[in-house]
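Visitor: Just dropping this structure here.
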Amino acid sequence: MAFFLETLFGGLMAGMLYALVALGFVLIFKASGVFNFAQGAMVLFAALAMARFAEWIPQWTGLESKLVANVAAFVIAAAIMFVCAWVIERLVLRHLVNQDAATLLMATLGITYFMEGVGQTLFGSEIYKIDIGMPKDPVFVLDSVFDGGVMINQEDVIAAVIAACLVAALSIFFQKTGTGRALRAVADDHQAAQSIGIPLNRIWVIVWCVAGIVALVAGMIWGSKLGVQFTLTTVALRALPVVILGGLTSVPGAIIGGLIIGVGEKLSEVYLGPYVGGGIEIWFAYVLALVFLLFRPQGLFGEKIIDRV
């Protein structure tokens, strides 16, 4: 039972990180109808910026405090992502309004390669480490219930808490602020929102800025766990099944979908892996996503698309 709980807990922690990346897809698609294949490149670019500025700031200023350097690097990286959001909206999306989905998809693929190239030019292609001080050693809980206790990874717990706090902050932003309500109005009906004076261009910039912050937090966490390298863009591929499962237009769906995928991967690998030769964790999420595409393409919480003829 203790081992089952360890596996379950590990799946929940991994699921929160998947959900964090999936959230970027959902926010942009919900507000603008663009499926942003550049989300993985945004995660990489933001993580590269934070990692490099965390190294450069002590060299430039003589600061010895790692905390101050990390906070300053985070702020600078966030500002860079804001600028990227403005440039993308002004130079790309504004000229593609009312274009078909294939055109928008190709545009985001172009943004992906552009950001990867610029990131490599500005920050280099080496493997960097973001050290935000998260403890690596595991701890044991429920000693009084199970012999030896249940082992949990402190780093995973802190990462999941950070992700949960960001999700909570975004929920408050969308529900309680005027800008958040405007974003929801645009997501519900672009034309109606525009007819009552909501500026679509400004809203789209804000959405891409929010997605940039989500990408930065995701890149910071994944970079702390795995290192910042160009394979970090594949994190977005791991989040695609989460988006399909939860629904492209549902923020809660991204969270629940991430938890389901994370737990399903871990449990299937442990309990079914020995019977099929292992490797289930690699393809489990994609098989589940395929099943949903066949029988419930809108996902668990997404809106059903109705074509009027």
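Visitor: Scan around VAL228 for amide H atoms under 5 Å from its own, H built in the peptide plane at 1.01 Å from N, and keep only partners 5 or more places away or cross-chain.
Guide: Placed amide hydrogens put TYR128, LYS129, ILE130 under 5 Å from VAL228.
Visitor: Once you keep just the Cα pairs under 8 angstrom separated by 6 or more residues, what percentage relative contact order results for segment 1-104?
Guide: 20
Visitor: Of LEU122, LEU170, LEU48, which has the largest mean-square fluctuation in a 10 Å C-alpha GNM of the chain?
Guide: With Cα springs under 10 Å in the chain, the top fluctuation among LEU122, LEU170, LEU48 is at LEU122.
Visitor: What FRET efficiency do you get for PHE4 and ILE127 if R0 is 35 Å and r is their Cβ-Cβ distance, rounded to the nearest 0.05?
Guide: 0.50
Visitor: Can you tell me the FRET efficiency between PHE140 and TRP56 if r is taken as the Cβ-Cβ distance and R0 is 35 Å, rounded to the nearest 0.05?
Guide: About 0.35, to the nearest 0.05.
Visitor: Moving on. What's the exposure ranking of VAL214, VAL291, VAL276, going from fewest to most Cβ atoms within 10 Å?
Guide: Sorted ascending by nearby Cβ count, the order is VAL276, VAL291, VAL214.
Visitor: Sticking with this structure for a sec: With each run of n ≥ 4 DSSP H residues scored as -39500 (n - 2.57), what mean residue ellipticity at 222 nm is computed for the chain after dividing by its residue count and rounding to the nearest 500 deg cm²/dmol?
Guide: About -24500 deg cm²/dmol.
Visitor: Rounded to two decimals, what ratio of Rg to Rh does the chain give with C-alpha atoms and a Kirkwood Rh?
Guide: The Rg/Rh ratio comes out at 0.99.
Visitor: Can you sort LYS266, LYS129, LYS136 from fewest to most other Cβ atoms within 10 Å of each residue's own Cβ?
Guide: LYS136, LYS129, LYS266
Visitor: Please work out the Cα convex hull volume for segment 1-88 and give it in Å³ per residue.
Guide: Spelled out: Cα convex hull of segment 1-88, divided by residues, is 129 Å³.
Taken together, the values in this text are just the output of simple stated rules run on the coordinates, not laboratory data. This structure is a prediction, so every number in the text was calculated from the model and none was measured. Positions of Cβ are backbone-derived with ideal geometry, glycine not excepted, and every protein chain shown enters the neighbour counts.
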